[in-house]
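Some notes on the structure that comes next.
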Amino acid sequence: ESDAGDYTCVCGDKQSTASLTVHALPALFKEELKNEEVQEGASVSLRCELTKAAPVQWKIGSKVLKASDKYQMRQPGTTSELVIHDLEVKDA
């Protein structure tokens, strides 16, 4: 998308200009989340990979998760990871 804009070819005192529009492709899941079974008190890492870097939002049900001591979120490149610490039964 950053390549979009007006391009001009100049030859002496003559020029020709064209506008370039770039349509972005949507981010898709290259690798989806996998089910996990973990012991109470432990930590778990949930990870997915997208086809391109894009903002993600982590939820449990309809509740949006925020970074805290319990929830750690990382997004290096196209991979998005949620680490849940000190798991409780209610975290299932």
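The values are calculated or read from the model by the stated rules, or taken from the named source; none is laboratory data. Since the model is a prediction, treat every value here as computed from it, not as a measurement. Neighbour counts run over all protein chains shown; Cβ positions are idealised from the backbone, glycine included. We work out accessible area using only protein heavy atoms, side chains counted, and drop any ligands, DNA or RNA first. Shrake-Rupley method; radii C 1.70, N 1.55, O 1.52, S 1.80 Å.
Remarks
- Considering residues of the stretch 63-76 that are open to solvent by less than 70 Å² (accessible area, probe 1.4 Å) and part of a loop (DSSP other than H, G, I, E, B) only, the residue nearest to S45 (Cα to Cα): K70
- Conditions (1) outside any loop (DSSP other than H, G, I, E, B); (2) open to solvent by less than 60 Å² (accessible area, probe 1.4 Å); number of the one not met by Q15: (2)
- Failed item in (1) among the small types (G, A, S); (2) over 14 Å from I84 (Cα atoms); (3) modelled with pLDDT of 95 or more; (4) out of contact with any strand residue (DSSP E or B) (no Cβ under 7 Å at 6 or more places or on another chain), with G5 passing the rest: (4)
- Once the stretch 34-55 is narrowed to residues that are open to solvent by less than 60 Å² (accessible area, probe 1.4 Å) and under 16 Å from S80 (Cα atoms), the residue that is modelled with the lowest pLDDT is A54.
- Output for the stretch 47-62, where each listed residue is part of a strand (DSSP E or B), closer than 14 Å to P76 by Cα and not basic (K, R): C48, E49, L50
- Pairs are defined by a Cβ separation below 7 Å, a sequence spacing of at least 6 or placement on different chains, a first member in the stretch 73-92 that is free of Cβ contacts under 8 Å to residues at least 40 places away in the same chain and at negative phi, and a second member that is loosely packed, with under 12 Cβ neighbours inside 10 Å and aliphatic (A, V, I, L, M); the pairs so defined are M73/A67.
- Near pairs, Cβ below 8 angstrom, 6+ apart or cross-chain, from the stretch 8-27 (over 30 Å from A54 (Cβ atoms)) to any residue that is of a type outside the set (A, V, I, L, M, F, W, C) and surrounded by 10 or more Cβ atoms within 10 Å (Cβ to Cβ): T17/Y7
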